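Please read the structure below before turning to the comments.
We did not get these values from a lab; they are worked out from the coordinates using the rules stated. Keep in mind the model is a prediction, meaning the values are calculated, not measured. Glycine also receives a Cβ, built like all others from the backbone with ideal geometry; neighbour counts cover every protein chain displayed.
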Amino acid sequence: MRHRLFQRCLAPRQTARGALVDPFLKVVDAPGVFVVGDAASVIQNEHPVPGVAQAAIQEGRYVGRLIAKELMERKVKRPFCYFDKGNMAVVGKNYAVLERGWLRTSGSLTWLVWAFVHIISLPQLQNRLRVQRQWLWSYFTGQRSSRLIPEPPRTPGTANDYPS
Ligand SMILES: Cc1cc2nc3c(=O)[nH]c(=O)nc-3n(C[C@H](O)[C@H](O)[C@H](O)COP(=O)(O)OP(=O)(O)OC[C@H]3O[C@@H](n4cnc5c(N)ncnc54)[C@H](O)[C@@H]3O)c2cc1C
């Protein structure tokens, strides 16, 4: 479920997929607001950019550079352009599939490639080590950790409500 602040601010600019953004990933009719990743509805060549991690990473990098340039009062001319690096998916334990252009592979070696690519893509060594540790734990024990963000119960007219 999307965060209430997001729903409140961007509701008029939302599509079924997410907030509608222009080619520079700025929310349409909301100057200074950028949305990236799964929360954004990015259209490129009349097709939606897929809701996958590589799109979110590329969009995040693009917006980071764009903001840096704008702070230096330099004009950004090049709109965001999604580069499809191919697809990988895990299908059960020790098995993954990979497709990139003409290349299609599957099996346990592909699964190792999948794991390596995902770990190496994480920012900071600390995160890589933490995720590696969690994956090894899950692999050998079969247990998964959950990441839940509980919200306090909502009562109308209390401090839990955002000001309108
Ligand atoms: C089951 C599943 C499998 C997937 N498999 C693949 C795959 O194999 N390959 C692939 O490329 N993509 C896959 N995806 C899609 C990929 O995970 C998303 O496209 C990508 O994570 C989007 O990145 P994001 O930064 O937009 O959102 P997220 O990665 O979801 O990051 C959002 C972050 O915001 C945090 N957050 C949420 N609410 C709040 C709040 N109120 N306050 C503070 N923090 C908050 C969350 O904890 C989270 O860390 C999968 C998705 C799912 C659900």
Once both label points are put 7 Å beyond Cα along the C-beta direction, the Gln124-Val76 separation in nm becomes 2.4 nm
Please name which of Leu125, Ala56, Asn87 has its Cα lying farthest along the dipole of the stretch 44-164 towards the positive end, using unit charges on Cβ (Lys, Arg +1; Asp, Glu -1) and the Cα centre as origin. Leu125
Ordering of 85-94, 49-58 by burial proxy (mean other Cβ atoms within 10 Å per residue, highest first): 49-58, 85-94
With a ≥ b ≥ c taken as the square roots of the eigenvalues of the C-alpha gyration tensor of the stretch 87-141, please select rounded if a/c is under 1.5 and otherwise prolate if a/b is larger than b/c or oblate if it is not? oblate
Please enumerate, by chain and number, the lysines with C-alpha under 26 Å from the C-alpha of Lys75, excluding those fewer than 8 residues away in the same chain. Lys26
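Set the Förster radius R0 to 22 Å, insert the Cβ-Cβ distance between Tyr95 and Gln132 as r into 1/(1 + (r/R0)^6), and round the FRET efficiency to 0.05.
Here the calculated transfer efficiency is 0.65.
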With an 8 Å cut-off on Cα pairs and a minimum separation of 6 or more residues, tell me the relative contact order of the stretch 87-141 in percent. 22 percent
Using mean Cβ contacts within 10 Å as the protection proxy, how do 122-128, 148-154, 63-69, 38-44 order, highest first? 38-44, 63-69, 122-128, 148-154
Students often forget the sequence filter, so: which aspartates and glutamates lie under 16 Å Cα-Cα from Lys77 once same-chain residues fewer than 8 apart are removed? Asp22, Glu59
